[in-house]
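The values are calculated or read from the model by the stated rules, or taken from the named source; none is laboratory data. Keep in mind the model is a prediction, meaning the values are calculated, not measured. All Cβ positions, glycine included, derive from the backbone under ideal geometry; neighbour counts span all protein chains shown. Heavy atoms of the whole protein, side chains included, go into the accessibility calculation; ligands, DNA and RNA do not. Shrake-Rupley method; radii C 1.70, N 1.55, O 1.52, S 1.80 Å.
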Amino acid sequence: DRGEKMELYQSQKVKYYLIVDLKFKKIEIYQFINSQYQSVAINPDKHTFIFEEADCKPEANLLNIWE
């Protein structure tokens with residue numbers, strides 16, 4: 001997921017890209033900043049993450065992924 005797929009999403013300027021590792025229960029969150037993805041969180045504290053958007057700030061409880 002860090003190769004061709006990530007490059008495709010980045011070329012389309014998709015704001016966020018998440019990689020979820022089910023085996024190790026690990027989440028990597030990347031944000032499109034300055035024409036490329038930058039890591040903004042790995043295993044976010046408290047398993048929540050706020051996605052910054054222009055008109056709203058949705059908060060995701062990432063613990064729900066493991067249920």
Using a 1.4 Å probe on the protein chains only, how many percent of the accessible area of the chain belongs to carbon and sulfur?
-> 48
Just one of (1) 1.13; (2) 0.96; (3) 1.19 is Cα Rg over 2.2 N^0.38 Å as worked out from the coordinates here. Which one is it?
-> (1)
Accessible surface, per residue, of the chain when the full set of protein chains is kept, probe 1.4 Å, Å² = 76
Residues of type lysines that Lys57 reaches as a straight line, Cα spacing below 24 Å, ignoring anything fewer than 8 places off in the same chain = Lys13, Lys15, Lys26, Lys46
So for the pair Ala41, Gln10, with labels modelled 7 Å out along Cα→Cβ, what separation do we get in nm?
-> 2.1
Could you give the nm distance between label points at Leu22 and Phe51, where each point is 7 Å from its Cα heading toward the beta carbon?
-> 2.1
